[in-house]
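The values are calculated or read from the model by the stated rules, or taken from the named source; none is laboratory data. Remember, predicted model here, so these are calculated numbers, not experimental data. Cβ placement follows ideal geometry from the backbone for every residue including glycine, while neighbour counts extend to all protein chains displayed. Ligands, DNA and RNA are stripped out before the accessible areas are found, and what is left, the full protein with its side chains, is counted by its heavy atoms. Shrake-Rupley method; radii C 1.70, N 1.55, O 1.52, S 1.80 Å.
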Amino acid sequence: MGFWQRTPTLYNNKEVMKEISDFKEKNFPLDVIGLEPGWHSKSYPCTFEWDAERFPNPSQFINQVDNESVKLNLWCNPYVSPSSSMYDKLMPLSGSHKVWGGIVPDS
């Protein structure tokens, strides 16, 4: 699985890239960089949508990480926030109970 590093919850795209750069500068191995819940626009429950302030261009950020030969790991839980754009679509496929106010898709 290689060497994994997790960043603090509220890191933004520039701070993540700095973390990768710091590893390379010190010749430390880095195979995977993991983002904590702060990558979501909301978590507990999750939106599964990028926080636009911390990650204004997610595609570009993902490509930057990939160009460094580092894999990206995104923290999530299975509970979908009412703020998520997929909430209404997933509602009919969800269980009867909510967790942290989010639906639990279960179909």
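When the trypsin sites (Lys or Arg not before Pro) in segment 1-93 are filtered for DSSP coil states and for at most 13 other beta-carbon atoms within 10 Å of their beta-carbon, the remaining sites are LYS26.
Expressed as an acute angle from 0 to 90° and rounded to the nearest 10, what is the orientation of the C-alpha long axis of helix 13-25 relative to the principal long axis of the chain? Relative to the chain, helix 13-25 is tipped by roughly 40 degrees. Working note: Karplus 6.51/-1.76/1.60 with θ = phi - 60° gives segment 45-57 the couplings x, 8, 9, 6, 10, 5, 6, 5, 6, 7, 9, x, 9 Hz, where Gly and Pro are set to x. Amide H to amide H distances under 5 Å link SER81 with CYS46, THR47, where only residues 5 or more positions off or on other chains count and H is placed in the peptide plane. So what is Rg over Rh here for segment 20-62, counting just Cα atoms and using Kirkwood for Rh? Dividing the radius of gyration by the Kirkwood radius yields 1.09. For the chain, the solvent-accessible area with a 1.4 angstrom probe is 63 square angstrom per residue.
Total lysine pairs in the chain at Cα distances under 19 Å, for residues eight or more apart or on different chains: 10. Projecting label points 7 angstrom from Cα along Cα→Cβ for LYS71 and GLU53 puts them 3.2 nm apart.
The orientation-averaged projected area of the convex hull spanned by the Cα atoms of the chain comes to 7.4 nm².
Roughly how tilted is helix 58-67, in degrees to the nearest 10 and between 0 and 90, from the longest Cα axis of the chain? So the inclination is approximately 40 degrees. By accessible area, using a 1.4 Å probe on protein heavy atoms only, segment 17-100 has 51% of its surface on carbon and sulfur.
Considering only ASN63, PHE23, LEU10, the residue lying farthest towards the positive end of the dipole of the chain is LEU10, judged by Cα position with unit charges set on Cβ.
Under a model in which nothing but the beta-carbon of Lys, Arg (+1) and Asp, Glu (-1) is charged, the chain shows a dipole of about 120 debye around its Cα centre.
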